[in-house]
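*Asks:* To start, I am sharing the structure in question, which I have written as structure tokens.
The values are calculated or read from the model by the stated rules, or taken from the named source; none is laboratory data. Every value quoted in this text rests on a predicted model; they were computed, and no experiment measured them. Cβ placement follows ideal geometry from the backbone for every residue including glycine, while neighbour counts extend to all protein chains displayed. With ligands, DNA and RNA removed, areas are computed over all heavy atoms of the protein, side chains included. Shrake-Rupley method; radii C 1.70, N 1.55, O 1.52, S 1.80 Å.
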Amino acid sequence: ILFSDILVIPLALGQKLEFIENEGPILGDLPCINKLIDCDLNVCIQNISQVFETIEILEGKKQQKKLIGFCGGPFTVMNYMIERGTSKTHQKILKFIREYPKRSERLLKVIQEISLLYLLRQIKSGVDLIKIFDSWAGILSKKEYEKYVIKPSVYINEKLKQEYPSIPRIFFPRGSGKNIISFIDQVDCNVLAVDEKYPQQLKEIARKKNIILQGNLNPTILAEGGERMKRKIKQILFDFKKNKHIFNLSHGVLPNTPIVNVSTAIEIVREYESNKRTS
């Protein structure tokens with residue numbers, strides 16, 4: 001997987017971006033939304049041409065391996081642009097979309113369009129799969145979720161499918177809870193990543209729609225390790241045994257996670273798959 005930070009999109013749009021040690025990303029003032037609407041996104045995307053050059057290098061070296069490209073979901077990217085960094089309360093973004101709905105829609109549309117262009121350029125440069133992370137989908141109300149998560153996802157998914165029908169599309173609307181049912185009903189993706197909290201009917205719907213599920217070990221449990229981790233991994237594998245399933249974390253490896261825990265988790269999954277094939 002090519003790990004290029006999702007905040008390259010604000011950078012491409014002209015918003016200053018710095019990464020401060022022990023603080024994380026810090027973004028500058030938001031560019032004028034009216035100017036963003038009128039700007040040439042094909043020119044903007046050239047601001048991050050290094051990403052595509054990197055993909056081309058990897059494409060020439062990957063041999064039989066598959067290369068996954070990715071970007072942030074439009075709402076998550078907009079969240080960072082408005083908050084100007086990481087936030088625990090998300091008060092600025094929630095105030096923005098609720099008090100300035102028209103401005104929010106215009107900004108979301110710009111992010112949606114350049115995100116699509118970004119993904120298309122990644123595919124053209126050599127990635128084999130695409131994943132869209134909407135890390136902050138879970139902070140929205142049901143109505144807001146429909147507007148800011150599902151609709152942009154439907155748009156991007158359909159455009160990618162039209163342009164590159166053979167490229168698998170993975171979506172991860174983290175923290176969706178019950179809203180994940182509306183998502184899977186409307187977004188005809190190949191793979192849907194889920195976190196540790198999801199409605200049980202999701203598994204049956206995914207089977208009927210032939211959608212692969214991906215997830216969903218809590219990263220804290222992986223960091224903790226020990227017998228609890230082993231039991232939870234086996235439980236997840238059992239819970240998804242009737243589905244097409246890719247074992248994964250619910251979101252990101254924590255910095256304090258011992259490498260030995262990661263190795264142990266991989267061994268448990270491989271042993272489970274080996275036993276399933278021979279049984």
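*Asks:* Under unit Cβ charges (Lys, Arg +1; Asp, Glu -1), what dipole magnitude, rounded to 20 debye, does the range 18-147 have relative to its Cα centre?
*Replies:* 460
*Asks:* Related question: Given a cut-off of under 8 Å on Cα pairs at least six residues apart, what relative contact order in percent is computed for the range 1-155?
*Replies:* Numbers: 194 pairs, mean separation 48.6, N = 155.
The value is 31 percent.
*Asks:* Which percent of the accessible heavy-atom area of the chain goes to carbon and sulfur, probe 1.4 angstrom?
*Replies:* 51
*Asks:* Using only the alpha-carbon atoms of the range 1-125 as identical scatterers, what base-10 log of I(q)/I(0) does the Debye formula give at q = 0.10, 0.19, 0.20 Å⁻¹?
*Replies:* Taken in order of the listed q values, log10 I(q)/I(0) reads -0.33, -1.06, -1.15.
*Asks:* Can you tell me the dipole magnitude for the chain around its Cα centre, using point charges on the Cβ only (Lys, Arg +1; Asp, Glu -1), in Debye to the nearest 20?
*Replies:* 1040
*Asks:* Another question, then. If you consider only alpha-carbon coordinates, what radius of gyration and Dmax does the range 176-279 have, in Å?
*Replies:* 14.2, 40
*Asks:* Follow-up question, since we're still on this one. Would you mind getting the accessible area per residue of the range 1-72, heavy atoms of the protein chains only, 1.4 Å probe, in Å²? Provide the component values of the computation, followed by the final result.
*Replies:* Numbers: 4460 Å² over 72 residues.
Solvent-accessible surface per residue comes out at 62 Å².
*Asks:* Show me, for the range 52-66, the HN-Hα J-couplings you get by feeding each phi into the Karplus relation (A = 6.51, B = -1.76, C = 1.60, θ = phi - 60°), rounded to Hz, glycine and proline as x.
*Replies:* 6, 5, 5, 4, 4, 5, 5, 4, x, 10, 6, 6, 7, 6, 9
*Asks:* If one computes P(r) from the Cα atoms of the range 70-212, what percent of pairs lie at distances over 17 Å?
*Replies:* Every Cα pair in the range 70-212 considered, those over 17 Å come to 58 percent.
*Asks:* With the other protein chains left in place, how much accessible area per residue, in square angstrom, belongs to the range 167-271 at a 1.4 angstrom probe?
*Replies:* Numbers: 5390 Å² over 105 residues.
About 51 Å² of surface per residue is accessible.
*Asks:* Applying the Karplus parametrisation 6.51 cos²θ - 1.76 cosθ + 1.60 with θ = phi - 60° to the phi angles of the range 96-112, what ³J(HN,Hα) value in whole Hz is obtained for each residue in order, glycine and proline being reported as x?
*Replies:* In residue order, the calculated couplings are 4, 6, 8, 9, 10, x, 5, 5, 4, 5, 5, 5, 4, 4, 4, 5, 4 Hz.
*Asks:* Go through 156, 101, 191 and say which Cα lies farthest out towards the positive end of the charge dipole of the range 82-229; charges sit on Cβ, +1 for Lys and Arg, -1 for Asp and Glu.
*Replies:* 101
*Asks:* Please report, to one decimal in angstroms, the Kirkwood hydrodynamic radius of the range 147-230 built from all distinct Cα-Cα pairs.
*Replies:* 13.9
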